[in-house]
1. Using only the alpha-carbon atoms, what does the range 536-624 span along each of its principal axes? Please give whole angstrom values in decreasing order.
2. Give me D for the range 442-625 in µm² s⁻¹, whole number, from Stokes-Einstein with Rh from the Kirkwood sum over alpha-carbon pairs, 37 °C and 0.692 mPa s.
3. Beta carbons within 10 angstrom, averaged per residue: use that to sort the peptides 289-296, 399-406, 23-30, 533-540, highest first.
4. Compute the Kirkwood hydrodynamic radius of the range 301-364, taking the inverse of the mean of 1/r over all pairs of distinct Cα atoms, and give it in Å to one decimal.
5. Which distance in Å, rounded to a whole number, links the C-alpha centroids of the range 10-31 and the range 518-591?
6. Would you mind giving the three semi-axes, in whole Å and largest first, of the ellipsoid equivalent to the range 123-218 according to its Cα gyration tensor?
7. Using a simple spin-label model with points 7 Å from Cα along the Cα→Cβ vector, what separation in nm is obtained for residue 415 and residue 140?
8. Points 7 angstrom from Cα along the Cβ direction at residue 325 and residue 512: gap in nanometres?
């Protein structure tokens, strides 16, 4: 099959519930646009006649698919058709929920979508699920085709009913269809020409709808992203092969390769079976040589020094899970982003949603997983930094898939967060930074203060009594002549951490900063008392390692959530229950209690004075073995 010579091209995906007529529609579309291989229709009609069965348009699509798989007539990766306006590349996505990952894989590269709904059966589970997935993949040009209108006697009322119901559902996920079109794909009604059987319809045909879609502009004006696909050696040259996903690249550009921050200058841009040029733009596959032969491998992402990607060990994401086994916290999976592969795991799950009903899935606190055909908002963590952008910044480096074993089981997008963004000079790390050691020792400071420095880390739910205990403990230590100071969670967020929100990533950074400050307090010989929810064990353990184990005293202020909610000194639980506060620990975000705290205070049973007394007693017992008693 030959493809037309038009320069404009649009990729579309066709989705819908199983048996809602996608294959029939595609076969008819190919026929009505004159895009069939010569003699193909007659060949299949003759086969049907010999077999004594009626010809089905769906058989035409099956035949085209078979030929594509055998690399005959039709391009191995794409099925083409044309209108007078442009070329189209069509992706026929399986409708059965068992093949959702095929649909996601195809739709990820589409710029527009046609979603079919059977007029007789109406809106089904996958009709809603596919709509949600299109939204998840960022496809905003969507037309809904209400098919098989012949089965409902071309009823305008039935068409309007489906359009009204599905419009309301799409609105609930912030999606708006461009148009609803009534069709009968089998008979060609409203495909290429307006049907006389639906005189009440004065809207566009399917072809008019397609031609009204806009072709996405090539992301040439975005920052450069050049994922390295492979590295080849020719004579003395080392060529980095890949596709320019966004922006442009030219000879003389200084590139930084993330993750890793290695940099070099572009020496040449090579092309296959074409002369070398001085530049390349988004959408072009090229080879790049560098002036300095740095070690770069598959998975690295090249960018200009002025606009590098994020390079972190965590990011916030929204995923759709399709694996037969649940996506579980505590297990390792492989993430593929552009050409990168990285081991990942779930750090925290904020929300799990049923993709067909949009209902929030409730599970027991110990059941932390995402089930099949569920959508989740979560935080992924990695053992090593990965390079990425958010989906709203650069699409190719803002989406990913997750592999379990050898199967692609999930797909997702990276959502915005307070990710630290490197500046141009942030890529040049100084080699002239040294830790400054003073002339005073820890022992000398302890003698002067009358006690060694330490960090008393109070952790627990909001309302458990952390701040109250901390301030009372500070007062008691002050009255005893000890040097102590409280680092309170709310106070810190007014200054040092005022730029942070409450996502898992922000909570982690909040605790890291506080840990660094508390460490300096302890090194100065002071008793740093911290009062932070600090919900994640890993974060608290990181501070313990930062401070040193013998200076870190973890105090679990343990009060049941019922007690905390009853106290609710700041009215926060009431707001969280009313969905006025998102990611609230204990309600919509998890709390991981300490496994082996130095002290546990059950504040639902003991008083503030008793709690403070327990800590003072521990401090005294701990210090018996040191030279200086607290």
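Throughout, read-outs are computed from the coordinates displayed, never taken from laboratory work. Note that the structure is predicted; figures quoted are calculated from it, not measured. Reconstructed Cβ throughout: ideal geometry from the backbone, glycine too, with neighbour counts over all protein chains shown.
1. Extents along the principal axes: 50, 30, 19 Å.
2. In µm²/s, the coefficient rounds to 196.
3. Highest mean packing first, the order is 23-30, 533-540, 399-406, 289-296.
4. 14.6 Å
5. Cα centroid of the range 10-31 versus Cα centroid of the range 518-591: 54 Å apart.
6. After diagonalising the Cα gyration tensor, the semi-axes are 23, 17, 11 Å.
7. Distance between the two pseudo-spin positions: 1.8 nm.
8. 3.1 nm
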